[in-house]
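Q: Mind having a look at this structure? Questions to follow.
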Amino acid sequence: MKIKAKLNAGVGLMFLMIIILSLSGGWFIYQLKKDTQNILVANYNTLQYSRNMLLALEDLGKDPVAGNDFRKNLELQSKNITEDGEMQATQNIERHFSELKADFGNPAIESSIRKDIAELMQLNMNAIQIKSKIANTTAENAIAVISVLGTLCFLIAFILMANLPANISNPIRELTSSIHQIANQNYKERVHFKSNSEFGELAKSFNTMAEKLQEYSESRLDKILKGKKRIETLIDNMHDAVIGIDENRKVLFVNDEALKISGLKKTDFVGRQIQDIAVSNDLIRNLIKEIIHPDSEKDSSGSLKIFVEGKENYFEKEIVDINVIPTGEQEIQLIGQVIMLRNITPFKELDLAKTQFIGTVSHEFKTPISSIKMGLQLLENEKVGNLNEEQRHLLKGINEDTVRLLRITGELLNLAQVETGIIQLNIHPFSIDPMIKEVMDTNQSAAAEKNIRINAHVDSRVETVNADEEKIVWVLNNLVSNAIRYSSENSTVDIAVKKVDDSVKFSVTDQGRGIEPQYLKQIFTRYFRIPGTKTEGNGLGLSICKDFVEAHGGSVSVESKPGQGSSFSFEISSNLK
């Protein structure tokens with residue numbers, strides 16, 4: 001039976017039973033009312049009239065109105081004849097009352113009237129008893145019928161309450177459970193509703209869907225396995241080491257390159273927690289440091305040096321989070337991570353070759369350029385011979401180019417030293433004032449050409465500093481020469497040295513055009529030059545300054561506002577050893 005038909009039948013039957021119960025109760029109440037009204041109207045009134053006639057009969061000799069009262073009640077009684085024998089009794093009363101009027105005061109006639117009234121009253125009292133029994137019978141019948149109907153209503157309601165909700169909710173519960181099974185890819189799940197209701201049709205549709213899904217899943221399984229095999233083969237043949245873990249940090253896959261680098265077997269990896277592997281393997285422990293402790297400070301070196309098969313190799317680590325949005329949801333969920341090690345050894349070797357080439361070429365250039373510089377100095381000496389004005393002008397240009405070549409060659413040599421990672425520092429205490437004077441003298445010629453005044457302000461608390469004098473002089477010279485180069489004419493360049501806690505801070509401030517905020521973070525980057533800059537330079541000076549200062553364990557910084565000049569500063573510890 002259809003669910004709708006069940007609901008209609010159950011509710012309709014309940015409604016019908018309630019209507020029958022209501023009609024039966026109303027009909028029995030009406031019958032009781034009718035029986036009661038009959039007693040009141042027919043018999044009670046007759047008894048009342050009979051009583052009034054007896055009272056009037058007693059007062060006939062005393063009250064002249066008594067006769068009229070008797071006659072009046074007698075007439076009312078004549079109109080209220082309802083029982084068998086009541087008519088004869090009423091007529092006897094009328095006849096005897098007429099005889100009493102003719103023979104007033106006759107005790108025999110009065111006695112006859114009293115007997116007639118008593119007979120009339122007895123007839124009505126008997127009728128009241130009979131009608132009372134009829135009313136009791138009606139009430140008993142009403143109680144019986146209403147009880148039976150009420151019991152039937154209760155039983156029907158109880159049956160509906162016990163069965164109808166279960167007939168609806170149980171299939172829904174079973175269907176919901178089966179849907180969850182299908183969602184979990186258990187396509188063998190089936191529902192079995194034998195009824196011909198809507199749930200039966202729903203079960204047929206559900207089972208058909210499940211069969212099609214199972215058929216589709218089984219037909220696609222071979223392709224999925226082939227695709228999985230392709231991916232595994234691709235990962236195994238990658239030149240980069242790859243390790244995949246799930247959201248619980250269990251190793252899902254590892255390729256041959258990662259096995260070769262780590263020196264472990266595949267059985268030591270797959271299916272195990274990666275932190276358990278890291279306990280006995282330093283390389284894995286280093287690789288997962290960021291995963292286990294996300295808030296820890298990251299390694300800024302940028303590469304890992306690993307010995308593989310007796311050869312030094314360099315690798316670049318990258319950890320990729322695998323995030324997906326599950327079907328039917330909106331929030332991103334992390335399902336795993338992939339650790340990749342890119343082999344950058346060829347690039348490192350090329351970089352090393354480049355650095356060695358730059359160092360070799362720069363060193364080879366420095367000697368002939370120095371010889372050219374010496375030759376220029378000899379030509380400028382009048383003892384060698386006098387030069388005309390045009391020759392002096394050419395000599396001056398050659399001298400400037402030679403100085404520029406010497407500076408570039410020196411920067412390249414410093415760059416080569418920095419890139420090899422071997423910056424040799426000759427730490428020793430030296431005086432501040434002579435160093436500042438040397439820097440000012442070195443840059444005085446360039447400052448004089450633009451009428452720039454160089455001022456120096458040295459903290460009286462700072463007399464000496466413990467550092468590599470040659471490197472610090474080079475850094476300060478570079479900053480002062482940059483300040484002069486980028487300053488306008490008739491301005492000033494200030495050199496300041498002051499003590500800051502246990503450190504010494506050097507700063508060079510100019511009144512040039514300043515630096516735009518977006519370039520401040522890039523100003524110390526190698527080969528970077530501010531767009532639109534027309535002055536000479538190769539973008540290496542500030543980068544080398546930064547490397548030299550950081551080699552001392554110090555730091556560099558810059559403050560600048562467009563149109564208000566710039567202030568470059570570096571700070572080194574005064575307790576270097």
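The values are calculated or read from the model by the stated rules, or taken from the named source; none is laboratory data. Here the structure is a predicted model, which is why all the values come from computation and not from measurement. FYI the Cβ positions are ideal-geometry reconstructions off the backbone, even for glycines, and counts take in every protein chain you see. Keep in mind that these areas ignore ligands, DNA and RNA; they rest on the heavy atoms of the full protein, side chains included. Shrake-Rupley method; radii C 1.70, N 1.55, O 1.52, S 1.80 Å.
Q: Being hydrophobic (A, V, I, L, M, F, W, C), modelled with pLDDT of 80 or more, under 30 Å from residue 308 (Cβ atoms) and outside any helix (DSSP H, G or I) is the requirement here; does residue 264 meet it?
A: Details: hydrophobic (A, V, I, L, M, F, W, C): yes; modelled with pLDDT of 80 or more: yes; under 30 Å from residue 308 (Cβ atoms): yes; outside any helix (DSSP H, G or I): yes.
Here the answer is yes, as residue 264 does meet what is asked.
Q: I'd like the residue in region 458-472 that is part of a helix (DSSP H, G or I) and touching a strand residue (DSSP E or B) at 6+ places or on another chain (Cβ under 8 Å) and, out of all such residues, is surrounded by the most Cβ atoms within 10 Å (Cβ to Cβ). Show your work before the answer.
A: As a first pass, look at region 458-472 and keep what is part of a helix (DSSP H, G or I): 469-472.
With touching a strand residue (DSSP E or B) at 6+ places or on another chain (Cβ under 8 Å) added as a condition, the list becomes 469, 472.
Working: 469: 18, 472: 23.
In this case the residue turns out to be 472.
Q: Just a yes or no: is a residue in region 187-208 under 30 Å from residue 48 (Cα atoms) and in contact (Cβ under 8 Å) with a residue 40 or more places away in the chain? Steps first, please.
A: Filtering region 187-208 down to residues under 30 Å from residue 48 (Cα atoms) leaves none.
Checked against the condition, which is being under 30 Å from residue 48 (Cα atoms) and in contact (Cβ under 8 Å) with a residue 40 or more places away in the chain, region 187-208 yields no hits at all.
Q: Looking at (1) modelled with pLDDT of 90 or more; (2) assigned to a helix (DSSP H, G or I); (3) polar (S, T, N, Q), which is the one condition that is false for residue 455?
A: Tallying (1) modelled with pLDDT of 90 or more; (2) assigned to a helix (DSSP H, G or I); (3) polar (S, T, N, Q), residue 455 fails exactly one: (2).
Q: What number of residues within region 527-545 satisfy the criterion of being at pLDDT 65 or above and either open to solvent by less than 50 Å² (accessible area, probe 1.4 Å) or over 23 Å from residue 401 (Cβ atoms) (or both)? Walk me through how you get there before you give the answer.
A: Filtering region 527-545 down to residues at pLDDT 65 or above leaves 527-533, 539-545.
Still in the running and either open to solvent by less than 50 Å² (accessible area, probe 1.4 Å) or over 23 Å from residue 401 (Cβ atoms) (or both): 528, 530-533, 539-545.
Of the residues in that region, 12 qualify.
Q: Another question about this same structure. Could you tell me which residue of region 106-125 is least open to solvent (accessible area, probe 1.4 Å), considering only residues that are touching a residue at least 40 places away in the same chain (Cβ under 8 Å) and not hydrophobic (A, V, I, L, M, F, W, C)?
A: Filtering region 106-125 for residues that are touching a residue at least 40 places away in the same chain (Cβ under 8 Å) and not hydrophobic (A, V, I, L, M, F, W, C), the one least open to solvent (accessible area, probe 1.4 Å) comes out as 124.
Q: Now for a different question. Collect the residues in region 564-577 that are modelled with pLDDT of 85 or more and exposed (fewer than 15 other Cβ atoms within 10 Å of the Cβ), keeping them in residue-number order.
A: At the first step, the residues of region 564-577 found to be modelled with pLDDT of 85 or more are 564-572.
Of everything in region 564-577, just one residue is modelled with pLDDT of 85 or more and exposed (fewer than 15 other Cβ atoms within 10 Å of the Cβ), namely 564.
Q: Right, something else. Out of region 223-262, which residues are touching a residue at least 12 places away in the same chain (Cβ under 8 Å) and small (Gly, Ala, Ser)?
A: Correct list: 241, 244, 258, 262.
Q: Please go through region 171-187 and give me each residue that is in contact with an Asp or Glu (Cβ under 7 Å, 6 or more places away or on another chain) and either among the acidic types (Asp, Glu) or under 16 Å from residue 200 (Cα atoms) (or both), ordered by number.
A: Residues of region 171-187 in contact with an Asp or Glu (Cβ under 7 Å, 6 or more places away or on another chain): 178, 181-182.
Selection gives 178 alone.
Q: Looking at region 73-83, can you tell me whether even one residue there is assigned to a helix (DSSP H, G or I), over 30 Å from residue 17 (Cα atoms) and among the basic types (Lys, Arg)?
A: no
Q: Additional query: Among the residues of region 135-148, what is the count of those that are under 14 Å from residue 29 (Cβ atoms), open to solvent by less than 70 Å² (accessible area, probe 1.4 Å) and among the hydrophobic types (A, V, I, L, M, F, W, C)?
A: Total meeting the criteria: 5.
Q: Select from region 81-105 the residues that are at pLDDT 80 or above and open to solvent by less than 60 Å² (accessible area, probe 1.4 Å) and list them in ascending order.
A: Passing the criteria: 81, 85, 86, 89, 90, 92, 93, 96.
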